[in-house]
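Structure record follows, encoded as structure tokens.
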Amino acid sequence: MAGKTLSTLYNSGLKNALLIHLSKENNFPELAYKTVYNEISNYKDFSLEVAPRDNPSKLFDVC
């Protein structure tokens, strides 16, 4: 569902996304990334990242 939503938002101008709030029991960062990436892989100028579970992510500019 996240990938489909990002695909729709891409068509509205979104170019970056950060996947956050991954459950320790039900999801893995690699699986979340791969699942969403499969939906948006046609958009070569789209940046997708996954926030770490146990420590802060890098800083991002939000515009």
Other-chain or far-sequence residues with amide H under 5 Å of Leu19's (modelled H): Glu49, Val50, Ala51
Degrees between helix 29-40 axis and first principal axis of the chain (Cα, 0 to 90, nearest 10): 10
Applying the Karplus parametrisation 6.51 cos²θ - 1.76 cosθ + 1.60 with θ = phi - 60° to the phi angles of the stretch 54-59, what ³J(HN,Hα) value in whole Hz is obtained for each residue in order, glycine and proline being reported as x? 10, 8, x, 7, 5, 7
Calculated from the structure, Cα extents along the principal axes in Å equals which of [x] 56, 30, 16; [y] 32, 25, 16; [z] 50, 25, 17? [y]
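Bear in mind that the values in this text are calculations on the coordinates, not laboratory data. Quick caveat, the model's predicted, so the values are computed rather than measured.
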